[in-house]
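Step one of this worksheet: look at the structure below.
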Amino acid sequence: MARLEDKVALITGAAAGIGRAAALLFAEEGAAVLVADRDVEAGADVVAEIEGDGGRALLVATDVAEPDDVAAAVGQCIAAFGGLDIVYNNAGGATPDDGKVTEIPLREFWRTMGVDLYGSFLTCRFTIPHLIERGGGAILNTTSIRAMKATQGADAYTAAKGGVLTLTKSLAQELAEHKIRVNAVAPGVVASERVLRMMGDVAADPLAQATPLGHGTPIEVARAALFLVSDEARWITGVILPVDGGAAAV
Ligand SMILES: NC(=O)c1ccc[n+]([C@@H]2O[C@H](COP(=O)([O-])OP(=O)(O)OC[C@H]3O[C@@H](n4cnc5c(N)ncnc54)[C@H](O)[C@@H]3O)[C@@H](O)[C@H]2O)c1
């Protein structure tokens, strides 16, 4: 039996990178997938790929930092698929504008907070009532190696992902009585399209070079995500899982 048979999964940022890999994998494992992304062109390609393979998917143009967008995405998910079981807060990522506290443009601080922290907060806010009504579910957040250990030069992103990390633990406590599990993945250096654009040679990145298994690829994070949202992880909540080639351990 497929690992997400009859489940409905809402994935933010599912048009590219780790989110795209997760959308394809979750659909392959039987889930109907709501692709919530602001990139409608790439999002439509993901939906077409899932449908081409016989799966079910729907794109809703969504900026996760906009409450009305998130509410609409959740509403369309329920209307199209009849419910919701899995929420994967994946949208986010640092930009080259990030840096030291004393140097970051202030708008970049709020952009990062808006997408990475407020976006995860909003998606939880609008999906939790449906998960409670459903009698349980799984929320998976996305933090980062940069929130697991001291790293330099992305202070807005580090702060936002630190917030996601602690929010994950608080929600795990609050929602256990409703049989809703809340975990997070903490990726290390992953060669997604955005990271390739930013870094060029990912293997030359100092953090990648200090990683015992070297840098990763989106599917490696997607496989860990699949485990955490599946019933195989039914006794796991409040966990921050590094998926990082060993980077957090050194
Ligand atoms: N790639 C890495 O090395 C790495 C490391 C640690 C954590 N992460 C985290 O993993 C997640 C995915 O990263 P990725 O590298 O796959 O990114 P990516 O840039 O390849 O893909 C991100 C997707 O999110 C979408 N998105 C961005 N802002 C959005 C918004 N406001 N609303 C809706 N959609 C939005 C983009 O359109 C894109 O489709 C992010 O949260 C990132 O912080 C990535």
Within the range 57-76, work out how many residues are in a helix (DSSP H, G or I) and of a type outside the set (Val, Ile, Thr). 8
Going through Ala80, Ala91, Ala65 one at a time, which residue ends up being farther than 9 Å from Ala36 by Cβ, within 14 Å of the ligand (Cβ to nearest atom) and of a type outside the set (Val, Ile, Thr)? Ala65
Only one of Glu5, Glu49 is acidic (Asp, Glu), part of a loop (DSSP other than H, G, I, E, B) and more than 17 Å from the chain's Cα centre (by Cα); which? Glu5
From the list Ala160, Ala176, Ala172, Ala156, which one is more than 15 Å from the chain's Cα centre (by Cα), within 16 Å of the ligand (Cβ to nearest atom) and outside any strand (DSSP E or B)? Ala156
Residue set Arg234, Arg181, Arg194; condition within 14 Å of the ligand (Cβ to nearest atom), farther than 17 Å from Val250 by Cα and charged (D, E, K, R); output residue Arg194
Return the total of residues in the range 123-147 being touching a Pro at 6+ places or on another chain (Cβ under 9 Å), within 10 Å of the ligand (Cβ to nearest atom) and not in a loop (DSSP other than H, G, I, E, B). 2
Log entry, pairs with first residue in the range 20-36 being farther than 12 Å from Lys7 by Cβ, second being among the polar types (S, T, N, Q) and assigned to a strand (DSSP E or B), beta carbons closer than 9 Å, six or more apart or on different chains, reads Val35/Thr12; Ala36/Thr12
Members of the range 159-208 found to be touching a strand residue (DSSP E or B) at 6+ places or on another chain (Cβ under 8 Å), of a type in the set (Gly, Ala, Ser) and in contact (Cβ under 8 Å) with a residue 40 or more places away in the chain, listed by number: Ala172, Ala184, Ala186, Gly188
Looking only at residues in the range 97-122 that are in contact with a helix residue (DSSP H, G or I) (Cβ under 6 Å, 6 or more places away or on another chain) and not charged (D, E, K, R), which one is farthest from Ala156 (Cα to Cα)? Leu122
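Every number in this text was worked out from the coordinates using simple rules, so none of it is lab data. This one's a predicted model, so the numbers in the text were calculated from it and none came from an experiment. FYI the Cβ positions are ideal-geometry reconstructions off the backbone, even for glycines, and counts take in every protein chain you see.
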